[in-house]
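Visitor: Have a look at this one.
The values are calculated or read from the model by the stated rules, or taken from the named source; none is laboratory data. Worth saying up front: this structure is predicted, and the values here are computed from it rather than measured. Backbone-built Cβ (ideal geometry, glycine too); neighbour counts: all protein chains shown. Note: accessible area is taken over every heavy atom of the protein model, side chains too, but ligands, DNA and RNA are not part of it. Shrake-Rupley method; radii C 1.70, N 1.55, O 1.52, S 1.80 Å.
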Amino acid sequence: MAIKTKTSLIPSCASPEDLKRVLTTLGSSWGDVVEDLERLEVVPLKGAMTNEVYQINWPTLNGGGEDNDVHRKVLVRIYGDGVDLFFNRDDEIKTFECMSHHGYGPKLLGRFSDGRLEEFIHARTLSADDLRIAETSGFIAAKLREFHMLDMPGPKNIILWERLRTWLKEAKNLASPIETDEFRLEALEGEINLLEDRLTMDDQEIGFCHNDLQYGNIMIDEETNAITIIDYEYSSFNPIAYDIANHFCEMAANYHSDTPHVLDYTLYPGEEERRRFISTYLGSTGNATSEKEVERLLNDAESYTLANHIFWGLWGIISGHVNKIEFDYTEYARQRFEQYWLRKPLLLDLH
């Protein structure tokens, strides 16, 4: 948006004056009025594929001269193009505020037409490699169990299948005839129906799921090892096995590499690693866990990777048409659908 800063530019959004107003109001409430917006240091944060995210270092009023190193930090999130096709932004804001009220994640500091300001959490965002550290993975498993047990307002209905069908319809509307053929879009409604029929069980556990638990949405306080899960845009009630499946699938990704769209499925966690995660997840509440429970969730999560591949494959097709972030969404979708068709014959035999 044409606010020039020491480090970068916040890109163009529909209402730059809205953002300026929110920044000024926030600064006034802190007693740290910055009349010259060029003194705001803006640092782009890489790895986001739905929104553009920036850290703003805010010089404090009492910090001294131009070269002072006393800053407040806030996070600016500018909504990506076409995100309304994926989720309802008002619902996402309500979830964000509810999570904040319950002590989860950052606080909402202000909103403008194309984005919002959030509290900057003083913790480190995980890297792709961090997910493979057994101790860190254990912390994540325990936190995810806590997340799934949140009593969030609203209906507790599974949203996965409805969302897949909605996204499929949108993908068909946007895709070229070549893409429709390549991604076998005409066949996917039958595949979604098949998965819903095969994977739905009356006794499966439903919880409040993050649905996008990649390493960039997990932060750790390195002094206390406290885990914070952030970014709830895709969050909803779903089978917990699906959310765990999503997390396992994300271990094939490194969104900070030179080719962030490329997935390496040799990095997908092996059975021992998955079993350890699930055992920690189930045992984190302090209740006794049987090997049968671990085995079932292990198998269910593997089966739900199929739904996850379709989910993010459709997301990739749609994003390739509507989102201007520099990321090869189409190639990402291609890899996800390749995994679906490769793994389907093997995984559906688990039930």
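Visitor: Which whole-number percentage describes the relative contact order of region 147-277, with Cα contacts under 8 Å and a sequence gap of 6 or more? The partial results should precede the final answer.
Guide: Values: 125 pairs, mean separation 31.9, N = 131.
Result for region 147-277 is 24 percent.
Visitor: Now for a separate question. Which residues in region 275-313 have a backbone N closer than 15 Å to a point placed 7 Å from the Cα of residue 150 along the Cα-to-Cβ line?
Guide: No residue passes the distance filter.
Visitor: Roughly what percent of Cα-Cα pairs across region 231-275 reach past 17 Å?
Guide: The answer is 45 percent, as a whole percent.
Visitor: State the Cα centre-to-centre distance between region 82-157 and region 245-288 in whole Å.
Guide: Distance between centres, Cα-based: 18 Å.
Visitor: Continuing with the same structure: Using 0.36 nm times the number of residues separating residue 276 and residue 291, minus their current alpha carbon distance, what extension gain do you get?
Guide: So the extension gain works out to 4.2 nm.
Visitor: How high is the FRET efficiency from residue 178 to residue 338, r the C-beta distance, R0 25 Å, rounded to 0.05?
Guide: 0.90
Visitor: On to the next question. With a ≥ b ≥ c the root eigenvalues of the C-alpha gyration tensor of region 188-323, is it rounded (a/c under 1.5), prolate (a/b larger than b/c) or oblate? Please report the intermediate quantities before stating the final value.
Guide: Details: a/c = 1.65, a/b = 1.11, b/c = 1.49.
Oblate.
Visitor: Hey, another quick one. How high is the FRET efficiency from residue 193 to residue 122, r the C-beta distance, R0 45 Å, rounded to 0.05?
Guide: Result of the calculation: an efficiency of 0.45.
Visitor: Mind checking which aspartates and glutamates have their Cα closer than 12 Å to the Cα of residue 156? Skip sequence neighbours fewer than 8 apart in that chain.
Guide: 205
Visitor: On a 28 Å Cα-Cα criterion, which of the cross-link pairs 292/344; 107/292; 94/172; 73/143; 94/344 come out too long?
Guide: From the list (292/344; 107/292; 94/172; 73/143; 94/344), the Cα-Cα distance tops 28 Å for 107/292; 94/172; 94/344.
Visitor: Give me a comma-separated list of calculated 3J(HN,Hα) values for region 263-278, in order, Karplus coefficients 6.51, -1.76, 1.60 applied at θ = phi - 60°, integers in Hz, x for any Gly or Pro.
Guide: Once rounded to whole Hz, the list reads 9, 10, 6, 5, 8, 4, x, x, 4, 4, 5, 5, 5, 4, 4, 5.
Visitor: Same structure, new question: Mind pulling up the Rg/Rh value for region 173-266? Radius of gyration and Kirkwood radius, both on Cα.
Guide: Taking Rg over the Kirkwood Rh, I get 1.05.
Visitor: A further question on this structure: On the principal axes of its Cα set, how long, how wide and how thick is region 93-194? Give whole Å, largest value first.
Guide: 47, 40, 28
Visitor: If I take R0 = 56 Å and measure r between the Cβ atoms of residue 162 and residue 41 in this structure, what FRET efficiency does the formula 1/(1 + (r/R0)^6) give, to the nearest 0.05?
Guide: 0.85
Visitor: If you don't mind, there's one more thing I want to ask. Using a 1.4 angstrom probe on the protein heavy atoms only, could you order 266, 125, 330 from most to least accessible area?
Guide: Highest to lowest solvent-accessible surface, that is 266, 125, 330.
Visitor: Quick check: residue separation of residue 73 and residue 91 times 0.36 nm, minus the Cα distance between them. What number comes out in nm? Let's see the in-between values first.
Guide: Values: separation 18, 0.36 × 18 = 6.48 nm, distance 2.62 nm.
Gain on extension, residue 73 to residue 91, equals 3.9 nm.
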